[in-house]
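Asker: Below is the structure I would like to discuss, written out as structure tokens.
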Amino acid sequence: MLAMASNIEIIEFKIPECKENNLYVTGIKGCYEEGELEMKFHEIFSKLGLLYDVQIKSSNFPVIVDNEEEPETGVKSYYAFIKYYSTTAANKARHTLTGKPLLGNNQPISIKVSTPKNPFGGREYNLPISKCRELANYYLGFNAYNISVTSVTLDEIEPDEETAASTDKGVRCTCIATLQIPGYEIQTEGIGIGEASYSNSDRSTKGPAIGKARKVAYGRASENAFSKVVLVIVGNSKVMVEVNNTQADLLTFINDNEQQEIIQVNQLEVEEVGFEENCDGDIDDSELDAQLLLDLEQDV
């Protein structure tokens, strides 16, 4: 969520869905691959502010030059969606770049405010941890914050009645992370839960499942801690940091498809995490919790 009042802008660690932050760019013509254009537009638009996302799409309409369709020369027409965290930056980009030939082909582009199709049904979602770090680094500077793991527990998930006959079992990791921003005397805590399944008939799959569950839990705990932080930008230069005490812990469980669609995080790397010796016994003992805490601290 973003809000503006006078020369003060508030930026939260949420996926930006405000209309004024989303730009719709047309008039893009040329012989490009979409990936090539995405890099070009990211380079151009990022000079005016931190970008959340750049999407390039090719148009199905023919290219028109001098009221005639362009012959088969490979020239295509494209449009783009540019999403900023900052409304101020989006407005500056719209007023600065509209009507300019950005690609060196004398073709002026048009930039308008776009109304995004909200896939969340009006709900807000925390930024993925990689985006949280990117946003914090941009406004606060590198090494201006640190995240530590306060506690971590691991439990085994027993199959319910409908899946009791399944050979798969599951593990659930619960992590509490503390975010500190020393320069502003800010501290928040976040909680996250990660789950993963493994084959009960193949105990070698249990260690990777634990590794995946703990990484998901740590990421979500960190995202939750960041979500309570509010950046207050004054006059495009001064940055203040506040805590949103009304922000609740989001412990919503989402499936893999929803995770890909909503927060678009990269596939977590599943690695052996040194739990092979625990795979044949109970996993909810204090020694394993201590080992989990140590591994997560090393990941940080």
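The values are calculated or read from the model by the stated rules, or taken from the named source; none is laboratory data. These figures come from a predicted structure and were not determined experimentally. Cβ atoms come from the backbone with ideal geometry, glycine included; neighbour counts cover every protein chain shown. These area figures cover heavy atoms from the full protein model, side chains too; ligands, DNA and RNA do not enter into them. Shrake-Rupley method; radii C 1.70, N 1.55, O 1.52, S 1.80 Å.
Asker: Of everything in the stretch 219-243 that's assigned to a loop (DSSP other than H, G, I, E, B) and more than 15 Å from ALA136 (Cβ to Cβ), which residue is farthest from the chain's Cα centre (by Cα)?
Answerer: Step by step, filter the stretch 219-243, then rank; the result is GLY235.
Asker: While we're looking at this one, here's another question. Search the stretch 50-61 for residues being open to solvent by 70 Å² or more (accessible area, probe 1.4 Å) and farther than 14 Å from GLU33 by Cα, and hand back the single one that is modelled with the lowest pLDDT.
Answerer: Checking each candidate, the answer is PHE61.
Asker: Another question, then. When the residues of the stretch 67-120 are filtered to those that are basic (Lys, Arg) and at pLDDT below 90, which remaining residue is most open to solvent (accessible area, probe 1.4 Å)? Can you show your working first?
Answerer: Initially, the stretch 67-120 is screened for residues basic (Lys, Arg), giving 76, 83, 92, 94, 100, 112, 117.
Pick out the ones that are also at pLDDT below 90 and you get 76, 100, 117.
Details: LYS76: 105, LYS100: 95, LYS117: 191 Å².
Step by step, filter the stretch 67-120, then rank; the result is LYS117.
Asker: Can you name the condition, by its number, that GLY211 falls short on among (1) within 30 Å of THR88 (Cβ to Cβ); (2) assigned to a helix (DSSP H, G or I); (3) under 24 Å from the mean Cα position of the chain (by Cα); (4) not hydroxyl-bearing (Ser, Thr, Tyr)?
Answerer: Going through (1) within 30 Å of THR88 (Cβ to Cβ); (2) assigned to a helix (DSSP H, G or I); (3) under 24 Å from the mean Cα position of the chain (by Cα); (4) not hydroxyl-bearing (Ser, Thr, Tyr) one by one, GLY211 breaks only (1).
Asker: Report yes if THR246 is at pLDDT 75 or above, more than 20 Å from GLU134 (Cα to Cα) and part of a loop (DSSP other than H, G, I, E, B), otherwise no.
Answerer: Numbers: at pLDDT 75 or above: yes; more than 20 Å from GLU134 (Cα to Cα): yes; part of a loop (DSSP other than H, G, I, E, B): yes.
The answer is yes for THR246.
Asker: In this structure, does ILE210 turn out to be under 26 Å from ILE15 (Cβ atoms), of a type outside the set (Phe, Trp, Tyr) and open to solvent by less than 40 Å² (accessible area, probe 1.4 Å)?
Answerer: Values: under 26 Å from ILE15 (Cβ atoms): no; of a type outside the set (Phe, Trp, Tyr): yes; open to solvent by less than 40 Å² (accessible area, probe 1.4 Å): yes.
No.
Asker: Assess whether VAL216 counts as being within 30 Å of PHE13 (Cα to Cα), in contact (Cβ under 8 Å) with a residue 40 or more places away in the chain and in a strand (DSSP E or B).
Answerer: Working: within 30 Å of PHE13 (Cα to Cα): yes; in contact (Cβ under 8 Å) with a residue 40 or more places away in the chain: yes; in a strand (DSSP E or B): no.
No.
Asker: Filter the stretch 26-36 down to residues that are touching a residue at least 12 places away in the same chain (Cβ under 8 Å) and more than 22 Å from the chain's Cα centre (by Cα), then give me how many there are.
Answerer: 7
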